[in-house]
Structure formats: structure tokens, C-alpha cells
Amino acid sequence: MNTILKKIPFVDLKSQHEPLQTELQNAIQEILEKGDFVLGEALKKFETSYAAACGVKYAIGVACGTDAIALGLQACGIGQGDEVILPANTFIATLIGVLHSGATPVLVDCDHETALIDLETAQTAVTSKTKVILPVHLYGQMVSPSKLKEFAKANNLIIFEDAAQAHLADREGAFAGSVGTAAAFSFYPSKNLGCFGDGGIVITNYPEVANKMRTLRNYGAPRKYVHEQLGTNSRLDTIQAAVLNVKLPYLVDWNSDRNKAAQIYDTLLSPMTEKGIIPVKNLSGSGHIYHLYVIRVTDKFPIDRDTLKEKLTAAGISVGIHYPIPCHLQPAYENLGYTKGDFPNSEILSQQILSLPMYPGLSEEQINYVVQAISEVINK
Ligand SMILES: *Cc1c(COP(=O)(O)O)cnc(C)c1O
């Protein structure tokens, strides 16, 4: 067997950064020389470029995606007593962000084919206290902007997007993060655009939201030593912004590379639909940026998801589960009052989903090897 196929990582950041090494080192060196480590020039530059890339007016860098959700909601005037509707099928940070904003999270189920928030069930969760619909553009696929806007308008809510998995994803002519009042992104290293540690950003078209964000991330101080709000310390480091300045110009190509890899997976996996392997549905056309490529291992498949995961791992293929326990069944959030059975689609998905290797530069040969390994189960 070909040696490069002996091990297929889940993501490969090393090969992504290797060709950029000189550029990255120079960018970091420049900050060391300048010494503007906090709220420096490279951060301002990145905020301007990132807002422009997403098609919005303002971007405000923060310490991580979780803070981007918490502070972003606060900057939109959301807090104690306000209800925020979000999907149960998401990374736990979405829920933590809502809780840290002071608002009350109200979880809803997802669609079983796309794994995205189900706006029809969300309708039944709306109360007189509901202020926000918070869609998560999960796995890199956007929730429909037109349906979101319709939902928000009908219920008099604002839209706050969790776009942490959807940098430059687009659907119906809108980029992720440009649909609502404001949106949160994460630059955790393995996201489609990642820095060399933790980082996040809030984007918005509203100057008052942007101004409030700048105050909130900086001890609640619009001017030095004048503290108008509680606020916190949550800023995107200048060094991280410098890294992101180098990487941003490559993002479109990296995303399209992921999209091509996903199409190869789709094609090679399609004969296995009958046998129970079903990729999570892509309704965004080419606008899906495949932060993750996720399949469902349904009951028709000869072995269950966990056994398939073991077999792939044994074959040197790194896979993941995003996410094995839905938010409402996590022990820390028992006090929210949810129980097993509340969100059946999220619960079934958590048992069936499997994320296959996905990163820019993943080769057709490697994808073939992964699909072969899955089909061997059927042919035995
Ligand atoms: C990564 C992620 C976050 C949180 O970002 P951090 O930078 O890790 O705090 C929030 N929501 C989703 C959907 C994510 O994938």
C-alpha cells in the first residue's frame, strides 16, 4: 500500500502553514519589533479586511468564539430576561455564549437531513420574552437567509448568527454573518480560518453595535479609565491578527478545495446510500464550505457508528463525532430542565453521525482510501 495512505489525519494544519512559513514568520516578527501586542495595527487591519470579506461594515476582534457570542449578544442589547432560541444540535460553546450573555437559552430540534435548526419547530418555542433567533451554520452550511429573515420578521426577533464553522460560506447571495443584526466567528486553529491559538470576532452593519462591542471587550471603557459598562477583557491579540492577515487571502481557495473534496466523497459514497451511509444533506449548492464532512451511519448499515469508527481508526483514518452528546443532555445543563426525548432528531443524529477527514489538500487518493475502508464493511 502507498505509504501516504497509511495514515490520514482528520485535519492537517502543518501542510497548510508550510508554504506560508516565511510570510507568517515575517508578520509575527513585525509585531515583536513594534510591540503593539494589544489592540495594535495588525488587529485594525484584520478587522477592516474581515468585515469587507464578509460584506459588512464592522468587525471587532475578541479572545474567542464563545466570547464573540456572549459579548455580541450583549452588544445587541440582549441580556437577563430575554429568551434566545438556538439549536440543541451544536457545539456546546453556542449555549455557553448565550448563558454568559445573561439571556435565557431556549433549545430547539434540528432537521434530520441537514442537521440545521428546524425553524418550524422553533416557531413553537417563541414566547413573549423571545428576542433572538440564533442559527448555527453547522458544518459550514448556512441556514437559509430568506427563511431566517421571514422567521425573524414574523416574530419580531433579531437574528444573531453563530458562524464559527462558516467563514465565507454563502447562500442565496449572502455571506454567513451578514444576514442578521450581528454574528460571531471563531478562529480556533482547526476552523476554516484559524489562528495560532484562540481568537474570535463579531461582525455587524450597525455602528452602535460595533461601538458597544469595542467598549465591552475593553473593560467596558469607551475611553481609557472611563468605565461605562461592566464589560470584560476579551481582545484578539495583535499577533493572532497578524497571522490571520496572512491567511485570509487564501481562505477562498481553501474553502473551494474543501468543497471539491466533499464532491468527491459524495460521488464515491453515493452507491452506499442503499446500504445506509447517508451524507448530511447539502442544500447550499457550492456555498457550503465543509468545515466538516459528516455522514450518517443509519440502521441499514451492517455495523453501528461506533464500530465503524473503530474500524476506520484501525485502518489509520482519523475520524470525529460532532457531537456525541446533544447540548440538552450534557450534565452541566440539567438545570435547564430538558430530558431525553425532547429533541429526537438531535438525539438520533448524535448516535449516527461520523465526521470524515476534511481539510484543504486532502487528495482524491486519500478520499478513495477512506471510502474503500467504509465499503469493506459491506463487502465482508
Ligand atoms: C468553535 C465553535 C464555537 C466557539 O468558538 P471558540 O473560539 O472555541 O470559543 C462556537 N460555536 C460553534 C458552532 C463552534 O464550532
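Quick note: the coordinates plus some simple rules give every number you see, no bench work behind them. As the structure is a prediction and not an experimental result, all values here were calculated from the model. Glycine gets a Cβ as well: all are built from the backbone with ideal geometry, and neighbour counts include every protein chain shown.
Between the residues Gly316, Val56, Phe160, the greatest Cα displacement towards the positive end of the dipole of the chain, with unit charges on the Cβ of Lys, Arg, Asp and Glu, is found for Val56.
Computed packing ranks the peptides 368-375, 21-28 as 368-375, 21-28, most packed first, by mean other Cβ atoms within 10 Å. Where both bridge residues fall in the chain, DSSP classifies roughly 60% of the beta bridges as antiparallel. Reported to the nearest whole Å, the Cα centre-to-centre distance from the stretch 286-321 to the stretch 23-38 is 40. A straight chain from Lys129 to Ile325 at 0.36 nm per residue would run longer than the Cα-Cα distance by 67.8 nm. Counting only lysines at least 8 places from Lys44 when in the same chain, those with an alpha carbon closer than 24 Å to its own are Lys34, Lys57, Lys191, Lys212, Lys224, Lys247. With no solvent and one equal point scatterer placed on each C-alpha of the stretch 251-379, evaluate the Debye formula and give log10 I(q)/I(0) for q = 0.22 Å⁻¹, two decimals. Treating every Cα as an identical point scatterer, log10 I(q)/I(0) equals -1.31.
For the chain, the relative contact order comes to 21 percent (Cα pairs under 8 Å, sequence separation of at least 6). Working ranking of peptides 221-229, 149-157, 187-195 by packing, defined as the average number of other Cβ atoms within 10 Å per residue, highest first, is 187-195, 149-157, 221-229. Only helical runs count toward this figure. For the chain, summing -39,500 (n - 2.57) over DSSP H runs of n ≥ 4 and dividing by all residues gives -11500 deg cm²/dmol at 222 nm. Need the C-alpha centroid separation for the stretch 150-209 versus the stretch 80-108, integer Å. If we compute the Cα centre of each part, the gap is 15 Å. Sorting the segments 169-176, 352-359 by their mean number of nearby beta carbons within 10 angstrom, highest to lowest, gives 352-359, 169-176. Taking label points 7 Å from Cα along the Cα-to-Cβ direction, Ser375 and Ala314 give a separation of 2.1 nm. Dimensions of the chain along the principal axes, based on C-alpha atoms and rounded to the nearest Å, stand at 70, 54, 38, largest first.
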